[in-house]
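*Asks:* I'd like to ask you about the structure that follows.
The values are calculated or read from the model by the stated rules, or taken from the named source; none is laboratory data. In this text the structure is predicted, and so the values were computed from the model without any measurement. With ideal geometry, Cβ positions are generated from the backbone for all residues, glycine too; neighbour counts draw on all protein chains shown.
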Amino acid sequence: MRCVATTAFGLEAVLKRELTGYGFSITDSAHGRIYFEANVRGMVRANLRLRTAERVYVVLGAKRVETFDELFDWIESLPLGKYLHEQGQYIVNAKSHKSTLFSVRDIQSIGKKALIRSLQKSYGTEIFPETKEKYALLINIQKDNAELWLDTSGIALHKRGYRKQTGKAPLKETLAAALVLLSHYHETRTLYDPFCGSGTIPIEAAMVAKNIAPGLHRRFAFQRFFWVSKEAYTIERREALKAIKHEPIKPIVASDSDPGAIASAKENAEKAGVDEEIHFEIADFSHQIFSEPAPVFITNPPYGERMGKEEVSALYKSVGEILKKKPEASFYILTPVSGVEQLLGKKADRTRVLFNGPIKTRLYQYIGPPPKINEKSRT
Ligand SMILES: C[S@@+](CC[C@H](N)C(=O)[O-])C[C@H]1O[C@@H](n2cnc3c(N)ncnc32)[C@H](O)[C@@H]1O
């Protein structure tokens, strides 16, 4: 099957690396999406294991379309009965970018009519009660090239199922995982997140270190699809459980000045099954001592919405002090605050623009000296 995994802009390279790491062959890529080949078990594996994908779709067809007649004829000609159950509910959404067909509402309604015509041919019936499982479809038209996608994930993959309590401005789990995968973090180095909020970075880091698949605690749309056997899911889940590493890791230290944030971070870590890997502290950054040798800091300091400009500047300057004091450490600082390198007092080795939902942020990477441990580089 031709599949496509979507991700936030800027994370395509990380997602590509994840996909190749799981043995998928990549066929194409574009902004925010990577195409790959997979059989049914592969699609299940992608949903269970990818840390940076937002959703995984099956591409049911692709065609260049410039008129509504072309759109209708193309969708009607697809053998959709292979994937859509006779009694399913079909939800058709559409996106159009730089294309002749631009009315999303018309694309949706013509697409749905054509889909029903295709199913009438497949099932030899006129009536579709649409009472059973949901099939969410997306007609995605980019520069007149249309594709019909079937969503296999259901709830977006950043919702791992462990985060009930959301702290102030929490990071998306997919972005937190990407920060870890982009960094020189390794289970043999201590990780500090001194502004941990609801604990997303430490939790995702612990899951990376222990090789815990992010999808183990949630359900997926494909679990209701008639063409995905229960066995495919059971085998893939069992494989993912078997892949978990049980060796101890260096501590991950999660701290925050807000006791409420630490309480929710603890609760979330317990739900994710990584509370034993994380050491939680209620601490103000300015009073903290980071005594571990050659640690990695991956952190998302406050943006300043609830602080004055001077307070924000002082806070980032105090982070800069630690940066100077610990030349053997690596620092990864994600923030939308501008002028951060001046406040930190040091130019980053590399910066990347990344999106936390709609918020444009920058990751400032201070890579530090090459780690002495036998590390698989993830950058
Ligand atoms: C942008 S939020 C971090 C969100 C986090 N990455 C998450 O996913 O939930 C910044 C955090 O910094 C904390 N904070 C603000 N000033 C602090 C200080 N001086 N020392 C330690 N933590 C502080 C806030 O309580 C808040 O939880």
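*Asks:* Within the stretch 357-370, count every residue that is over 16 Å from P295 (Cα atoms) and out of contact with any strand residue (DSSP E or B) (no Cβ under 8 Å at 6 or more places or on another chain).
*Replies:* Of the residues in the stretch 357-370, 3 are over 16 Å from P295 (Cα atoms) and out of contact with any strand residue (DSSP E or B) (no Cβ under 8 Å at 6 or more places or on another chain).
*Asks:* Looking at K63, is it more than 18 Å from the chain's Cα centre (by Cα), surrounded by fewer than 21 Cβ atoms within 10 Å (Cβ to Cβ) and modelled with pLDDT of 95 or more?
*Replies:* Yes: the conditions hold for K63.
*Asks:* Shifting gears a bit: Limited to the stretch 296-312, what total is found for residues that are more than 13 Å from the ligand (Cβ to nearest atom) and at pLDDT below 95?
*Replies:* Matching residues across the stretch 296-312 total 2.
*Asks:* Given Y303, Y366, which one is more than 20 Å from the chain's Cα centre (by Cα), touching a residue at least 60 places away in the same chain (Cβ under 8 Å) and over 17 Å from I252 (Cα atoms)?
*Replies:* Y303
*Asks:* Sort through Y162, Y135 and tell me the only one that's of a type in the set (F, W, Y) and not assigned by TED's automatic domain parsing to the domain that holds G10.
*Replies:* Y162
*Asks:* Applying the selection to the stretch 254-287, what residues are part of a loop (DSSP other than H, G, I, E, B), more than 8 Å from the ligand (Cβ to nearest atom) and crowded, with 16+ Cβ neighbours inside 10 Å?
*Replies:* G273, V274, D275, E277
*Asks:* Could you go through the stretch 326-348 and let me know if any residue there is over 30 Å from G215 (Cα atoms), within 13 Å of the ligand (Cβ to nearest atom), within 24 Å of the chain's Cα centre (by Cα) and not small (G, A, S).
*Replies:* yes
*Asks:* Let me ask something else about it. Could you figure out which of (1) assigned to a helix (DSSP H, G or I); (2) among the β-branched types (V, I, T); (3) in contact with a strand residue (DSSP E or B) (Cβ under 8 Å, 6 or more places away or on another chain) isn't true of I298?
*Replies:* Unmet condition: (1).
*Asks:* Quickly run through the stretch 96-107 and pick out the residues that are surrounded by fewer than 17 Cβ atoms within 10 Å (Cβ to Cβ), closer than 17 Å to D73 by Cα and of a type outside the set (D, E, K, R).
*Replies:* Correct list: T100 only.
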